[in-house]
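See below for the structure under consideration.
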Amino acid sequence: MNSFGKVFRVSLFGESHGPAIGVVIDGCPAGIAVNDSDFVSDLSRRQSGGRGTTPRREADKPEIISGIFNGVTTGSPITIITRNSDRKSSDYDEFKSIPRPGHADFVAGVKYSGFSDLRGSGHFSGRITWGLVAAGVIAKKIIMPSEIAAKLISAGGSPDIDAAIEKAISEGDTIGGIVECSVRNTSVGLGEPFFYSFESAVSHAVFSIPAIKGIEFGSGFGAALMKGSQHNDVYIGKTGKTLTNNAGGINGGITNGNEIIFRVAVKPTSSTGIEQKTFDFLKNEMSVLRVKGRHDSCIALRMPVIIEAAVAVVMADLTMIDRGINGSRF
């Protein structure tokens, strides 16, 4: 269940405080030019270091283990890893008996009979998205000329992101945010109804990202307040161009050639500097917990490139599925 995709298949592995994390990409076509420098821009956008992000600093340097030779993909599985070096695992010792509210500590402990790695949240950590972003770099090459762009449009309920971040830091608390993502230069016909429609596949991939709590396409939940005559996107040309885009570039689960647009809700980082009263499973009583460790004041700041990667992986997979059905019409 750590793999996604039907043809272009991405598998994530590793734990936050383990020796390394990474990704295996199977089904990638041969002959795509890939080198180490291709990963720098997107992996840098995912890194911490900015105001409101975790003090944990990892080099995040990609090591290509297999599937790329002489600067091109070979057609065999691509394995890319990065080493974990900036680890403070002792910060997580007490969470075995006092699971952190909002985290996976409790459910992972039950599901995996106490054997799961809780250090830095283990395999549940946002750090595991490094592999997704790396896969997204290659996926973006496959879906060209489509261009994906995501941005944080609000934080803590405010469009003034900087002010919201400063307020959260001063209060020792955390905030969430809204990320908007668009895809331009899209083909008509991507999406496999019923259960692998474009929205279904994107939602599946996006909800697999830690901290995602909601998604809406086009007019989204606002569509419930509109009349059909208002919501319908009338065609204005033979290419399928529409006057409005309430559908978000998708009809019947299939891309219609207009700009794809959707928004994602990111929850506040669960690890907060505010003391919380919660249950101590060892002492069998309520206890005060102050979470130690290094955490983001707003994880949404680093989310846009991760969202882009998820969409790129979905589009690469759907493109290859469609080519298998309809030939190389793109």
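The values are calculated or read from the model by the stated rules, or taken from the named source; none is laboratory data. Source: prediction; values computed, not measured. In this analysis, Cβ positions are derived from the backbone assuming ideal geometry, glycine residues included, and neighbour counts consider all displayed protein chains. Only protein heavy atoms, including side chains, enter the accessible area calculation; ligands, DNA and RNA are left aside. Shrake-Rupley method; radii C 1.70, N 1.55, O 1.52, S 1.80 Å.
Data for the structure
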item: Share of carbon and sulfur in the accessible heavy-atom surface of the chain [1.4 Å probe, %]; result: 55
item: The range 175-330: radius of gyration and largest Cα-Cα distance (Dmax), Å; result: 20.2, 69
item: Dipole magnitude of the chain, debye to nearest 20 (Cβ charges: Lys/Arg +1, Asp/Glu -1, about Cα centre); result: 140
item: Per-selection metrics, the chain (Cα): Rg and Dmax in Å; result: 21.0, 69
item: With DNA, RNA and ligands ignored, accessible area of L152 (1.4 Å probe; Å², nearest 10); result: 30
item: S97 accessible area, assembled protein chains, probe 1.4 Å, Å²; result: 30
item: In nm, spacing of pseudo-spin labels at D93 and M1 (7 Å Cα→C-beta vector); result: 3.2
item: For the range 225-270, alpha-carbon Rg over 2.2 N^0.38 Å; result: 1.47
item: Reciprocal of mean inverse Cα separation for the range 21-62 (Kirkwood radius, Å); result: 12.6
item: Inter-label distance for S229 and F207, nm, one decimal - labels placed 7 Å from Cα along Cα-to-Cβ; result: 3.5
item: Per-selection metrics, the range 18-161 (Cα): Rg and Dmax in Å; result: 17.9, 51
item: Sum of -39500 (n - 2.57) over DSSP H runs of 4+, divided by residues of the chain (222 nm, nearest 500); result: -7000 deg cm²/dmol
item: Prolate/oblate/rounded call for the range 124-240, Cα gyration tensor, a/c under 1.5 rounded; result: oblate
item: Ellipsoid equivalent to the range 88-177 - semi-axes via the Cα gyration tensor, in Å; result: 30, 24, 10
item: Loop-located trypsin sites (Lys or Arg not before Pro) in the range 5-66, at most 14 other Cβ atoms within 10 Å (DSSP); result: K6, R51, R57
